[in-house]
Amino acid sequence: MADHKHGTMDSSVQEQTYNSFITFITRSSIALVFVALFLAVFAT
């Protein structure tokens, strides 16, 4: 079995994926708010 030392794992890929996910969710939420506002103002 391989030796494992705590704190030595490279988590840069996981951090990049998490940051990309958060950015996507934030931008999607903002876009949905604008779509909802647009529909509330112009849809009759």
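The values are calculated or read from the model by the stated rules, or taken from the named source; none is laboratory data. None of these values were measured; they are calculated from a predicted model. Glycine gets a Cβ as well: all are built from the backbone with ideal geometry, and neighbour counts include every protein chain shown.
General observations
- Subset of the range 20-44 [in a helix (DSSP H, G or I) and among the polar types (S, T, N, Q)]: Ser20, Thr23, Thr26, Ser28, Ser29
- Selection of first residues in the range 20-31 that are free of Cβ contacts under 8 Å to residues at least 60 places away in the same chain and surrounded by 10 or more Cβ atoms within 10 Å (Cβ to Cβ) and of second residues that are part of a helix (DSSP H, G or I) and among the small types (Gly, Ala, Ser), restricted to Cβ pairs under 7 Å at least 6 apart or on distinct chains, gives an empty result.
- Residue in the range 1-9 that is surrounded by 10 or more Cβ atoms within 10 Å (Cβ to Cβ) and on the phi < 0 side of the Ramachandran plot present: no
- Of all residues in the chain, those being among the acidic types (Asp, Glu) and either in contact with a strand residue (DSSP E or B) (Cβ under 8 Å, 6 or more places away or on another chain) or modelled with pLDDT under 95 (or both) number 2.
- Scanning the range 10-19 for residues that are in a helix (DSSP H, G or I) and either charged (D, E, K, R) or surrounded by fewer than 10 Cβ atoms within 10 Å (Cβ to Cβ) (or both) turns up Ser12, Val13, Glu15.
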